[in-house]
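The values are calculated or read from the model by the stated rules, or taken from the named source; none is laboratory data. Just so you know, these numbers come straight off a predicted model, no measurement behind them. So basically every Cβ, Gly included, is an ideal-geometry build from the backbone, and we count neighbours across all protein chains shown. Heads up: the accessible areas ignore ligands, DNA and RNA and are worked out on the full protein's heavy atoms, side chains in. Shrake-Rupley method; radii C 1.70, N 1.55, O 1.52, S 1.80 Å.
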Amino acid sequence: MKILISEDIWDFDLEAALGEISEQRREQALKFKFEQGQRLCVLAYQLLKQGLREVYGITENPIFEYNEHDKPSIVGHPEIYFNLSHCKEAAACVISDQPVGIDVESIREYKESLAHYAMNDAEVRQIEASDHPAAAFIRLWTMKEATLKLIGTGISNDLKTAIDHERYQYTTVEREKYIYTICSLATDRRT
């Protein structure tokens, strides 16, 4: 598994970068109204290109096809699984030979109403018992979203039951302003 994270949102020439990516991704990036969104979209794709080059020796721009829930896969490479995410502070990419999901989210103000909507009772108790409820909420949120991105349904599934430690394993990293989680299939615990 290859994980790539970048906070270098403002450290590249956007116009030049738009010329170096696929037309498909360029159109997607330009749909963002603000430059920061465009940059994050481009940066996530650049991370994917870097990972594909380093792991598989693939140098051409990947073209995506999408399932019915908009989960992307790379045309011509069904053996490569990947996922992209970005927030205000960073872009993230994970590449694997097995299904995988990643979510990165900014740590922001904790909203109890959102917690009750998205979390089950045990998770709400865990958040409220935390010394830093905002980070605890985002940690759980990224676990849920990474899981749903792995299975390819997005947040159309029930958020309250998304975390499943029997079926999936989670790697969560907390930075100063954001948290990201990678969800992958659980390895056999008997070995």
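Just a few scattered comments:
- Distance between the modelled labels on D11 and Y56, one decimal in nanometres: 2.6 nm (7 Å Cα→Cβ projection).
- FRET efficiency, E27 to Y117 (Cβ-Cβ, R0 41 Å, nearest 0.05): 0.80
- Set against the 2.2 N^0.38 Å expectation for a compact globular protein, region 105-191 has a Cα radius of gyration ratio of 1.08.
- 10 Å binning of all Cα-Cα separations within region 133-174, expressed as whole percents from 0 upward: 29, 58, 13
- Once the 1.4 Å probe is applied to the protein heavy atoms, the chain comes out at 54 Å² accessible per residue.
- Computed on the Cα trace of region 21-79, the radius of gyration divided by the Kirkwood hydrodynamic radius gives Rg/Rh = 0.98.
- Expressed as a whole percent, the accessible surface of region 97-141 that belongs to carbon and sulfur atoms is 47, based on a 1.4 Å probe.
- Altogether, the Stokes-Einstein calculation at 37 °C and 0.692 mPa s, with the Kirkwood radius of region 64-117 over Cα pairs as Rh, returns a diffusion coefficient of 248 µm²/s.
- Relative contact order of region 1-98, pairs being alpha-carbon contacts under 8 Å that are 6 or more residues apart, as %: 37 percent
- Alpha-carbon Debye profile of region 1-128, log10 I(q)/I(0) at 0.15 Å⁻¹: -0.77
- Among the protein heavy atoms of region 1-77, carbon and sulfur supply 47% of the accessible surface, probe 1.4 Å, non-protein parts ignored.
- Per-residue Karplus couplings for region 59-69, computed as 6.51 cos²θ - 1.76 cosθ + 1.60 with θ equal to phi - 60°, are listed in order as 10, 7, 5, x, 10, 9, 10, 10, 7, 5, 10 Hz, Gly and Pro entered as x.
- Given charges at beta-carbon only (K, R positive; D, E negative), |dipole| of the chain in Debye: 220 debye
- Listed residues R175, R139, R39, most fluctuating in the chain (Gaussian network, C-alpha, under 10 Å): R175
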